[in-house]
Amino acid sequence: MLYLSTRGHADRKRFCDILLEGLAPDGGLYLPVEYPQIDDAKLSQLRETLANKGYAALAFEILSLYIDDIPAEDLRALCAKTYTREVFGSDAIVPVRQLDGVLHIEALSNGPTLAFKDMAMQLLGNLFEYELARRNEELNILGATSGDTGSAAEYAMRGKKGVRVFMTSPHGRMSPFQQAQMFSLQDENIHNIAIEGVFDDCQDIVKAVSNDHTFKARYKIGTVNSINWARLLAQVVYYFAGYLQATRSNDQKVSFTVPSGNFGNICAGHVARQMGLPIAKLVVATNENDVLDEFFRTGVYQVRGSANTYETSSPSMDISKASNFERFVFDLVGRDGVRTRQLFAEGVAKAGKFDLSTDPAFEDAAGKYGFVSGKSTHADRLATIKDTFERFDQMIDTHTADGVKVAREHLGAEPMLVLETALPIKFAATIEEALGRQPDRPAKFNGIEDLPKRVVVMPSDVDKVKAFIAANCR
Ligand SMILES: *Cc1c(COP(=O)(O)O)cnc(C)c1O
């Protein structure tokens, strides 16, 4: 399988080359040149694989359709090492449970950091270690986090040979639980840098370091952000696992509702649907930061400045610009790289928007591609958490609550699977506001806030961060 850029660059690359890369040379995102098709016989085979051999074997079957530059037995071993009961808490890895009639929840957040990002990041950690060893190379991952991404990256990369992590976060702004999760890691290859500033300052530092090409090359700086194709691909697997758990035969369909921010998670659903998985609807759920809902309602994609990006109680969805959205738009406009470049490199980058409302392609978003959307606010979140707890005795986190709220607006006859993207303990303050009690805490996290912390606090200063990286790369 070869990969192309959404902006039309002529290069075609293989999986392991784009694994360690970020954007394509023309600023586009990588996608496979075509989506491998799953016919009825293959779907039946995958159904048996999941039932008899489990999630890791299913992951191997899906990944091997896209990865041909890792020997099959190695890829199989990487999947088996990643998706274990020990790491993800159950043999099902992503168990589906019923809430109410057709409404179900697919649990994606029982990994080490209790958010769905572990599903992809744990695999990425193993893939990185494997590929870096094969090339005899090292990588220093520099990132910015407001919580979930950074901790998922650190738990995936801790102790991995050839990899160091330098993770910046806004000093004092993450929840106490999130800070404890990250800062209690004592692994030598994990470095927490608390920046005296806000999340945007952290992101600016990462950009500034990445734009210093000499420094970047000398210190082998890389990233693990959500545009990485390997992360997206790992997520495709749980759409298959959700479908196979919720159906008994291949003539049935299901729909998915996905709490969305950067459009990475639901874009994996789009890929699964393009492969032929019988998905009726893909429902995009946003919070008050509703750029995606606006697009799917109107055809206008208008990004926001930081002044109009709200801090909400589902913070991992607080985005003003959805970094993976370009992948879907590329398919929507008939895989036209020139057009995609116009929309993003000119429309979004220069005017902050593009408008497809009068373009015939926009009708395909709902029609051909099955996308619909909805929005949820803080009040909706509280009401949904309370309702779900009172009627079904289930505690859901704030992001999942946005999903449940929006899913209820799009129910049909088919099973509706809401992706559970985090556990309530990560967002305890809002749970308390909704229920008047603390969320349950998995036993292994008892007392985590009291553990010794490994973190350096720094002013928002690019040179200081560079000096810290240099000093720790010996
Ligand atoms: C990252 C995250 C999201 C958003 O996922 P995207 O792939 O960016 O759309 C939703 N919920 C939680 C809990 C997250 O950590």
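Read the figures in this text as sums done on the coordinates, not as results from a lab. These figures come from a predicted structure and were not determined experimentally. Cβ: placed from backbone, ideal geometry, glycine included. Neighbour counts: every protein chain shown.
A compact table of results
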{"read-out": "Length-normalised contact order of the range 293-419 in % [C-alpha pairs under 8 Å, at least 6 apart]", "value": "25"}
{"read-out": "Extension gain, Ala366 back to Glu311 (0.36 nm per residue minus Cα-Cα distance, nm)", "value": "16.9 nm"}
{"read-out": "Proxy reagent accessibility, fewest Cβ within 10 Å first, across Cys267, Cys16, Cys79", "value": "Cys16, Cys79, Cys267"}
{"read-out": "Calculated P(r) of the range 32-104 - Cα pairs past 19 Å, %", "value": "47"}
{"read-out": "Low-density loop cleavage sites - GluC sites (Glu not before Pro) in the range 305-379, where at most 13 other Cβ are within 10 Å (DSSP)", "value": "Glu311"}
{"read-out": "Estimated FRET transfer efficiency (Lys353, Lys207; beta-carbon r; R0 22 Å; 0.05)", "value": "0.50"}
{"read-out": "Over the chain: helical MRE at 222 nm, DSSP H runs n ≥ 4 each giving -39500 (n - 2.57), nearest 500", "value": "-12500 deg cm²/dmol"}
{"read-out": "Efficiency of FRET between Asp17 and Glu188 - r from beta-carbon atoms, R0 51 angstrom, step 0.05", "value": "0.95"}
{"read-out": "Efficiency of FRET from Cβ geometry, Glu48 and Asp74, R₀ 35 Å, rounded to 0.05", "value": "0.90"}
{"read-out": "Tail weight of P(r) past 15 Å, computed on alpha-carbon pairs of the range 381-474, percent", "value": "70"}
{"read-out": "Residues in the range 188-220 reached by a label modelled at Ala471 [backbone nitrogen below 16 Å; 7 Å Cα→Cβ]", "value": "190-196"}
{"read-out": "Dipole axis of the range 33-126 (+1 Lys, Arg; -1 Asp, Glu on Cβ), positive-most option in Leu63, Asn52, Pro112", "value": "Pro112"}
{"read-out": "Solution diffusion estimate, µm²/s, Stokes-Einstein, the chain, Kirkwood Rh from C-alpha pairs, 10 °C, viscosity 1.306 mPa s", "value": "70"}
{"read-out": "Longest to shortest principal axis, alpha-carbon extents of the range 121-175, angstrom", "value": "39, 17, 14"}
{"read-out": "Cα centroid separation, the range 3-48 to the range 220-288 (Å)", "value": "15"}
{"read-out": "Distribution of pairwise C-alpha distances over the range 151-260, 5 Å bins, in %", "value": "2, 9, 14, 17, 18, 13, 9, 7, 6, 4, 1, 0"}
{"read-out": "Straight-distance crosslink candidates among lysines, where the alpha carbon sits under 29 Å from Lys220 and sequence neighbours closer than 8 are dropped", "value": "Lys13, Lys81, Lys117, Lys160, Lys161, Lys207, Lys321, Lys453, Lys464, Lys466"}
